[in-house]
1. Can you pull out every residue in the stretch 185-204 that is closer than 23 Å to Asp81 by Cβ and either of a type in the set (Asp, Glu) or surrounded by 24 or more Cβ atoms within 10 Å (Cβ to Cβ) (or both)?
2. Specify which of the listed residues (Ala75, Ala94, Ala112) is within 16 Å of the ligand (Cβ to nearest atom) and either assigned by TED's automatic domain parsing to the domain that holds Leu358 or of a type outside the set (Lys, Arg) (or both).
3. Just name the residue that is surrounded by the most Cβ atoms within 10 Å (Cβ to Cβ) out of those in the stretch 64-86 that are over 16 Å from Gly163 (Cα atoms) and among the hydroxyl-bearing types (Ser, Thr, Tyr).
4. Filter the stretch 97-109 down to the residues that are under 14 Å from Gly58 (Cβ atoms) and among the small types (Gly, Ala, Ser), then identify the one that is farthest from the ligand (Cβ to nearest atom).
5. All but one of (1) among the polar types (S, T, N, Q); (2) modelled with pLDDT under 50; (3) under 30 Å from Gly217 (Cβ atoms) hold for Ser4, so report the exception by its number.
6. How many residues are touching a helix residue (DSSP H, G or I) at 6+ places or on another chain (Cβ under 6 Å) and part of a loop (DSSP other than H, G, I, E, B) when one looks only at the stretch 185-207?
7. Could you tell me whether any residue of the stretch 169-190 is more than 17 Å from the chain's Cα centre (by Cα) and within 13 Å of the ligand (Cβ to nearest atom)?
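The values are calculated or read from the model by the stated rules, or taken from the named source; none is laboratory data. Please read these numbers as outputs of a predicted model, since none were measured by experiment. Positions of Cβ are generated from backbone atoms using ideal geometry, with glycine treated the same way; all protein chains shown enter the neighbour counts.
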Amino acid sequence: MKLSVQWKQKWCISMLTAVLLMPVMSYSVSAATETSTTSQTTAVQTSLPKIKILATGGTIAGSSESNTDVTGYKAGALGIDVLINAVPEMKKVADISGEQIANVGSPDIDNAVLLQLANRINELLASDDVDGIVVTHGTDTLEETAYFLDLVVKSDKPVVVVGAMRPATAISADGSFNLYNAVKIASNPEATGKGVMIALNDRIGAARYITKTNTTGTDTFKSVEQGYLGVVSGDKVYFYNQSTRKHTANTIFDVKGITELPQVDILYEYQNNGSYLYDAAVASGAKGIVVAGSGNGSLSTRSSEGAARAVDQGVTVVRSTRTGSGVVTPLDSDAEIGTLYADSLNPQKARILLMLALTQTKDPTTIQSYFEAY
Ligand code: SIN
């Protein structure tokens, strides 16, 4: 049968379109259906650095029926295999394997997941079979997990935490490239001894310094005061700076065998607030309180009374700030009330350090020294 020239042209165009769209289509389909919780993916080349990807959920594993939905999607919907298979280019950079630790939105990451993740990372990094770790995570509380790991991972091998602001199913999703960059950073010999790093938007941030600053923008992670460790640009990883604070192998914190962390709550300072919030925290079992104080970690007269009552009952109270940047400095009132100051840690990171500090000691002078060292 003879085919008309016009039909042949149409057939060629549709075949070409199908071939070009195939990777996109197959990813979208699996993206909408895949929810596996445990898996292993082994790469072919063994001479490459061996990087383990530990998945915890978040938008980077988010899925929606609509490819323009960037706010109403389900975070933590896709399994680790889908994330790895979506970025086959990673396998040219590293010998990749994956493991699912959790699959939740990061507001649901709790102390139990933190301890599980940290212990697993320490176990993996102690082995010659793993050269570096990438953790996929929701961005909302990513900095808390990263700073926790920065304080408890007992290895100089690279650990990179990565997330995304757009779900995997969105047009122009940022997760695939962020993940590719994270693997490149973790595979780079210069990443050794840099502490836990965060990779988003082509920047490499130190867990100690970087914070989420915007609700939906892809450039949300900023390290305004202390700057970034480096960048990924034009297929290369560039390191420029290094954190001056103690981290990973150089901390005194060790979560091996720890099954629970002390309750530390955060109270927010605002006009006309009530000191009853301090009493409520203490009554519900808080061993520590971090205050997101106004300005330089200032407390109202009412908060100061609440904080003094908490300190009298053996609770450690640390002043941080709600301003979003800057150092909280010592004040005369600290000596009067017994409060400590958070240095440049924001409230959510001050809470992480205070929880770990309280696993070691209740001595205020020692705890204050931790806030100056870590
Ligand atoms: C989350 O933190 O799990 C949701 C938001 C995000 O990952 O960007």
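1. Going residue by residue through the stretch 185-204, those that are closer than 23 Å to Asp81 by Cβ are 185-187, 199-200.
Residues satisfying the conditions are Ile185, Ala186, Ala199, Leu200.
2. Values: Ala94 fails: within 16 Å of the ligand (Cβ to nearest atom); Ala112 fails: within 16 Å of the ligand (Cβ to nearest atom).
Answer to the selection: Ala75.
3. Ser64
4. Kept after step one, since they are under 14 Å from Gly58 (Cβ atoms), are these residues of the stretch 97-109: 100-109.
Now restrict to residues that are among the small types (Gly, Ala, Ser): 102, 105-106.
Working: Ala102: 11, Gly105: 4, Ser106: 3 Å.
If we take residues in the stretch 97-109 being under 14 Å from Gly58 (Cβ atoms) and among the small types (Gly, Ala, Ser), then Ala102 is farthest from the ligand (Cβ to nearest atom).
5. (3)
6. So the count comes out to 4.
7. Restricting attention to the stretch 169-190, the residues satisfying the condition of being more than 17 Å from the chain's Cα centre (by Cα) are 169-173, 184, 187-190.
Retained after the next criterion (residues that are within 13 Å of the ligand (Cβ to nearest atom)): 170, 173.
Within the stretch 169-190, one or more residues are more than 17 Å from the chain's Cα centre (by Cα) and within 13 Å of the ligand (Cβ to nearest atom).
Residue by residue, here is whether (1) under 29 Å from Thr213 (Cβ atoms); (2) surrounded by fewer than 24 Cβ atoms within 10 Å (Cβ to Cβ); (3) touching a helix residue (DSSP H, G or I) at 6+ places or on another chain (Cβ under 7 Å); (4) not acidic (Asp, Glu) holds:
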site	(1), (2), (3), (4)
Gln271	yes, yes, no, yes
Ser298	yes, yes, no, yes
Gln313	no, yes, yes, yes
Val317	yes, no, yes, yes
Pro330	yes, yes, no, yes
Gly338	no, yes, yes, yes
Ala342	yes, no, yes, yes
Leu358	yes, yes, no, yes
